[in-house]
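Okay, structure first, notes after.
The numbers here are math on the coordinates, done by the rules we state, and not lab data. Predicted model only: the values in this text are computed from it and were never measured.
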Amino acid sequence: MGSECNYDFDREICRKGTNSVKWDRCGSKFGETGLLPLWIADTDFSVPPEITEAAARRLEHPVFGYSVPPEEYYASIISWFQKRHRLNLEKDWITAGSGVITSISYSIQALTEPGDKILIQTPVYDPFLTIITGTGRTAAASPLLPGNGTYEMDMEDLENHFRNGVKMMILCNPHNPVGRVWRKEELQELARLCRKYHVYVVSDEIHCDFAMFGHSFTSVLAFPEIHDLAVSCISPGKSFNLSGLCVSSMVIPDPKIRERIQAKLRSAWLLHPDILAMEMSAAAYRYGSAWMDAQLAYLEQNSLLVRERLKEEAPRIRPAVHEGTFLMWLDFREFSLSQQELTSELIHTRRLGLNDGSTYGQEGNGYMRINIGCTRNLLNQALDRLVQMEHEHF
Ligand SMILES: Cc1ncc(COP(=O)(O)O)c(C=O)c1O
């Protein structure tokens, strides 16, 4: 148990009435209220106390004028990545921003032209497609290869796409929704292909702190040979449950592409995140390590609970091998339901708010994504409903 005991992840915190998307927007998302919400990617956990203390300290000063990121904003990120991921970042590489997806969108605009092809590996977090098409670029999908309950990158297909003129790829590392933590050897091969075909790689590393079960996260920045092609997007949002603060950073080692991206951000007057967000981010990265370890231990137990209960009690619902993120990818294809029937049953009969797998690309038909960043009690209630569903079908 150890450090897990010091923080109470079992504590039920009522989020209803806080304008929470997860808890207060089920009606508009699912057409039903009162569902058990295990959808959108934030957790129900309280942040470490150092974060709220940092915010309270800043609130004691009554003036909130235009501000730049404090030195500690950068120093805390550098220290965190050094200690937790053995990655040496330099201050100049870091550009503070107000959201990973916004940052990726501006990277696309800075480094590619309208009409250019940008590759994504489906099934994948759907805003990638939204910003590719929204910026007038064309999406090229390279579906992940399923097999043995897990997914691999299709290197041959990637190379074909690269050969056929893809200008950039958006990597999701670790991967939402399938839960892979890409290994160093896979990324090494990807880096080789990016180098060979001069393809930019914008790596969404927002889930980097959630490598579980002995897996370790490797950043695209671990490959100096592609530093002139690589952008890593990081954020304390998922790690510390701070998504509502809209704070993130781009890490861009190469001065030329950094200047191009910064120029694009300046052209939209996107200068830096807000004062409280920067202070809270710094406190999270500086003091959040023990809390993060405890959170990971709790999430691993949640993940095992899903795996074991489904295996024992509802074996036709198959979770993909879960290596990282607090999202799990459930395969319902044995139910022989259309995607519409599946989602409708989950919402209206089981009263569960999960994410529809088909949102992430057609490869997600027959799948649902469940967010396990909740109390074990809530997770057990959701599992009870899934077990009941299987029993009524078979
Ligand atoms: C892979 C991934 N990237 C980005 C985001 C959103 O990041 P932000 O709110 O900083 O734009 C999410 C949120 O679910 C995510 O899962």
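At-a-glance table
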{"item": "Normalised contact order of the chain, rounded percent, pairs of Cα under 8 Å and 6 or more residues apart", "result": "25"}
{"item": "Cα gyration tensor of segment 64-287 - equivalent ellipsoid semi-axes, whole Å, descending", "result": "27, 20, 16"}
{"item": "Anisotropy class of the chain from Cα gyration tensor, a/c 1.5 cut", "result": "oblate"}
{"item": "Mean Cα-pair separation over length for segment 1-131, i.e. relative contact order, pairs under 8 Å, 6 or more apart, %", "result": "12"}
{"item": "Extended-chain gain in nm, criterion 0.36 nm per residue less alpha-carbon gap, Ala268 and Thr130", "result": "47.8 nm"}
{"item": "Distance from segment 361-384 to segment 1-74 (C-alpha centre basis), Å", "result": "20"}
{"item": "Residue-averaged [θ]222 nm for the chain, counting only DSSP H segments that reach four residues, each worth -39500 (n - 2.57)", "result": "-12000 deg cm²/dmol"}
{"item": "For the chain, share of DSSP beta bridges that run antiparallel, in % to the nearest 5", "result": "55"}
{"item": "Given Lys184/Lys264; Lys22/Lys238; Lys196/Lys256; Lys22/Lys184, the pairs whose alpha carbons are separated by over 22 Å", "result": "Lys184/Lys264; Lys22/Lys184"}
{"item": "Spatially proximal lysines relative to Lys29 (Cα-Cα < 20 Å; intrachain offsets below 8 disregarded)", "result": "Lys16"}
{"item": "Reachable aspartates and glutamates, given that their alpha-carbon falls under 13 Å from the alpha-carbon of Lys91 and they are not under 8 places away in the same chain", "result": "Glu71, Glu72, Asp254"}
